[in-house]
1. I'm checking my understanding of the structure. Among residues of segment 212-228 that are in a helix (DSSP H, G or I) and charged (D, E, K, R), which one is farthest from Gly122 (Cα to Cα)?
2. Can you pull out the residues in segment 63-104 that are touching a Pro at 6+ places or on another chain (Cβ under 6 Å) and without any contact (Cβ under 8 Å) to a residue 60 or more places away in the chain?
3. I'm trying to understand the selection: among the residues of segment 119-139, which are touching a Ser or Thr at 6+ places or on another chain (Cβ under 8 Å) and of a type outside the set (Gly, Ala, Ser)?
4. I'm told His179 meets every condition in (1) under 31 Å from the mean Cα position of the chain (by Cα); (2) surrounded by 14 or more Cβ atoms within 10 Å (Cβ to Cβ) except one. Can you identify the failing condition by its number?
5. Go through segment 112-155 and report how many residues are over 14 Å from the mean Cα position of the chain (by Cα) and of a type in the set (A, V, I, L, M, F, W, C).
6. With respect to the numbered conditions (1) more than 22 Å from Tyr149 (Cα to Cα); (2) without any contact (Cβ under 8 Å) to a residue 40 or more places away in the chain; (3) surrounded by 13 or more Cβ atoms within 10 Å (Cβ to Cβ), which one is the sole condition not fulfilled by Ser211?
7. What do you reckon, is Leu171 in a loop (DSSP other than H, G, I, E, B) and surrounded by 11 or more Cβ atoms within 10 Å (Cβ to Cβ)?
8. The conditions are (1) in a loop (DSSP other than H, G, I, E, B); (2) surrounded by fewer than 17 Cβ atoms within 10 Å (Cβ to Cβ), and Asp195 fails exactly one of them. Which is it?
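Where a number appears in this text, it was derived from the coordinates with a stated rule and is not lab data. Since the model is a prediction, treat every value here as computed from it, not as a measurement. Glycine also receives a Cβ, built like all others from the backbone with ideal geometry; neighbour counts cover every protein chain displayed.
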Amino acid sequence: MDQLAIADRRMLRRKLTFWRVAAALLVVAIGFSVYRYAAGGSSTVAPHVARVEISGMITDDDELVERLEKIAKNSQAKALVVSISSPGGTTYGGERIFKALRAVAAEKPVVSDIRTLAASAGYMIASAGDNIVAGESSITGSIGVIFQYPQVQPLLEKLGVSLDEIKSAPLKAEPSPFHPASDDAKAMIRAMVMDSYDWFVDLVASRRGMSRDEVLKLADGTIFTGRQALKVKLVDQLGGTPEIRRYLASRGVDETLPIVEWKKTDDSSFLSLASAAGLAGLTRLDAGAVSDTLRRWGAGNLFLDGLVSVWQVGRQ
């Protein structure tokens, strides 16, 4: 066999070896990913404290609710820490997450960790915790509900555009952006807003052990720092991870358990070797996280459907 043929055979062997190794790694990665999915999410193979981060605008989030349901059912998750950095969002989105957190609390301790901002629906979610820990300079409160709609009639008039409509009843499709709302339409929307507001107030009163009158004094949209919120009983204590650890210890949760992030399935790489190492080691993770609230808070809030409970900087 000449030298050229020998060289070609060696090159072919190297290529085959490479692809065999790559295929083996792919099979391992797929198997691990399937195992994690079947096991119910992140790091479920050893006792730990689960941590979920809720940041940005709160909406009707099926994935988050399903993740919380998995945590509730997972026997290795001995407690849940919910870190919140949110200006609020839709009332229905907050309601669903609140109920999902209370379902977790029926199985294990839940601590709400208020970071930079947990206002409006963000505070609604925080109130689901058995214990609320806030930073001294964090912002919370803004208990209330708002319904907003645009008014483009002046712009259409400048453009020389008009809109005619025929509808079955005066309140159908009201309020409309194409003409000012009638008194009846405003009354209808206000009644809806106040019904949701009353529900929010009663929820806070029930969760914080306060009378309705006490909550009403705070539920005028006012925001509070963590220090102020502690004085008016909207939070239980100031601090961070050490205080959370001490509270969980008082509930019988081992202080040495690692705090493990339960992330969205899409957040973890399909072929992540780091995830495999985490599965083997379950290393401790710091519960702290830098909020991306300001990055996420942008034009998207203009297109939320329905009632919202949200704190908006610069709005009266």
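1. Step one: filter segment 212-228 for residues in a helix (DSSP H, G or I), giving 212-218, 226-228.
Narrowing the set further to residues that are charged (D, E, K, R) leaves 212-214, 217, 227.
Working: Arg212: 20, Asp213: 22, Glu214: 20, Lys217: 19, Arg227: 17 Å.
Filtering segment 212-228 for residues that are in a helix (DSSP H, G or I) and charged (D, E, K, R), the one farthest from Gly122 (Cα to Cα) comes out as Asp213.
2. So the first thing to find is which residues in segment 63-104 are touching a Pro at 6+ places or on another chain (Cβ under 6 Å), and the list is 76, 78-79.
Scanning segment 63-104 gives a single hit, Gln76.
3. Those that are touching a Ser or Thr at 6+ places or on another chain (Cβ under 8 Å) and of a type outside the set (Gly, Ala, Ser): Tyr123, Met124, Ile125, Asn131, Ile132, Val133, Glu136, Ile139.
4. So the condition that His179 fails would be (1).
5. Matching residues across segment 112-155 total 10.
6. Here Ser211 clears every test but (3).
7. Details: in a loop (DSSP other than H, G, I, E, B): yes; surrounded by 11 or more Cβ atoms within 10 Å (Cβ to Cβ): yes.
So Leu171 passes the test.
8. Of (1) in a loop (DSSP other than H, G, I, E, B); (2) surrounded by fewer than 17 Cβ atoms within 10 Å (Cβ to Cβ), only one is false for Asp195: (1).
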